[in-house]
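To start, the structure under review is shown below, and the notes come after it.
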Amino acid sequence: MPPLTTAQPIPTRQAPPTRAARAAVLASATLPLMAAAIIAPGLPAMSEEFAETPGGGLLVRFVVTITSLAIAVSAPLSGLIADRVGRRSLLVSGLVLYAVSGTAGFFATDLYVLLATRALLGVAVGGIMTAVSATVTDWFEGARRASFLGLQQAFASLGGVVFLPLGGVLAGVDRRAPFWLYAVSTAVAVLAFTALREGQRGGRGTGPGAGEPPPRGQHPQRSGTGRIAGVYALAFAATLAFYMGPTQLPFLLQDFGSGPGVVGAVVAGSTLSGTFGALAFPYLRRRLAATAITAVAIALLGTGWLLVGTAGTVVHVLAGMLVGGTGVGLVVPHLNLRLSELAPDGRRGRVLSGLVTGIFLGQFLSPLALQPLIHAAGLAGAFTWTGGAMAAGAALTGLLTGLNRQKRVRATGPATTPPHPPPQPRPPQK
């Protein structure tokens, strides 16, 4: 008679996401990037319309960036909802609010009312971004997670390629017309409602790719608050610089005699190149350490801004935006992946929402933080100085990483191949 054994629970495995579920998440990912910047080509016309409003010149720039502030403030609450209520409920609610608050800007005739609608739009975007990132990191682990995060950022960039030029064309007809583009969120909300199901909340992924080894130089769950805070700080600094594009570029290109359509096309160019950076991320992640990927991304962004600042034609400005956009497309999925590996079980939504806060707080503070530099050096000079600072920071990071690697080699000695065992004597032949 076999010995009695204690019954063990059978481990459950989360079903792989359906094609419709993946489509809903990727479609949702196209909306946050365009949320604030889609009306950027119409900022000069908006400045003229609200010129008599006290402080109208600066407040009009906040029409773009107040959305970012609302995202930053509301994202932690979105992370809490994602962990306790569920990703699907948060995503569908955010998509509906996105459509309502976004199109409401068309009807706003008062600058302060317009700012209020833009703040509500930010609350919606914070929920969408948090729900999308948490859903993806629940679905996958390892190389599959890196690949889908890169694909998510690629779709976000492609959304900008489609909607930003269209917003520029519509702004050339009527500065209010781009607000109707937010209505596309209605169709995405229907798809998400029908295709998604509530799955696990904040646990380690059990879908495809689970159990795969970590990338070179990375150790999931190895460190806590310090490294998470470092990721937040990097996201804040990178977006503080990058958001010079949608907030300052319309005025820089105005000096070249360019209209809203050209502005929309140039900004869309940076999002197109962001697609290539995002798609290259899984390849680089398999071959480079995390610090090296960070240095490459920041170096690309800095080089792009140096090109913009020293440009003499619109074509040169476009070239700089393409290079800088590649760096942003690379850094966003990289930071998402780092946080998903560092996040404690059951708190993934809240940890990822902190990244959303860092990114959009940087966007909101970009005009304020850079205004003294713009006054001192001019718009072109501000791009040049910012780009030089980022390029120098990336070079310093690469140098320090190399020195630390050499110190480790000296301390432990070079890796050597263990000697082959001596051949064993053959048994005597009979």
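The values are calculated or read from the model by the stated rules, or taken from the named source; none is laboratory data. Because the structure is predicted, anything quoted here is derived from the model rather than measured. Cβ: placed from backbone, ideal geometry, glycine included. Neighbour counts: every protein chain shown. The area values use the complete protein model at the heavy-atom level, side chains included, leaving out ligands, DNA and RNA. Shrake-Rupley method; radii C 1.70, N 1.55, O 1.52, S 1.80 Å.
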### Query
Looking at residue 296, is it closer than 24 Å to residue 34 by Cα, assigned to a helix (DSSP H, G or I) and of a type outside the set (Lys, Arg)?
no
### Query
Which number in (1) touching a residue at least 60 places away in the same chain (Cβ under 8 Å); (2) part of a loop (DSSP other than H, G, I, E, B) marks the one condition that residue 103 misses?
(2)
### Query
Only one of (1) under 18 Å from the mean Cα position of the chain (by Cα); (2) crowded, with 24+ Cβ neighbours inside 10 Å; (3) modelled with pLDDT of 90 or more is not met by residue 90, so which one is it?
(1)
## Note on the structure
Note on the stretch 31-64: residues surrounded by fewer than 22 Cβ atoms within 10 Å (Cβ to Cβ) and more than 16 Å from residue 260 (Cβ to Cβ) are 50, 51, 52, 53, 54, 55, 56, 57, 58, 59, 62
### Query
If only one of 263, 317 is touching a residue at least 12 places away in the same chain (Cβ under 8 Å), out of contact with any Pro (no Cβ under 8 Å at 6 or more places or on another chain) and either assigned to a loop (DSSP other than H, G, I, E, B) or not small (Gly, Ala, Ser) (or both), which one is it?
317
### Task
Within the stretch 282-292, identify whether any single residue is under 15 Å from residue 42 (Cα atoms) and of a type outside the set (A, V, I, L, M, F, W, C), and answer yes or no.
no
### Task
Quick one: which residue in 339, 373, 335, 352 is open to solvent by 30 Å² or more (accessible area, probe 1.4 Å), assigned to a helix (DSSP H, G or I) and out of contact with any His (no Cβ under 7 Å at 6 or more places or on another chain)?
373
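Return the only residue of 272, 240 being under 13 Å from residue 330 (Cα atoms), open to solvent by 20 Å² or more (accessible area, probe 1.4 Å) and in contact with a Ser or Thr (Cβ under 7 Å, 6 or more places away or on another chain).
272
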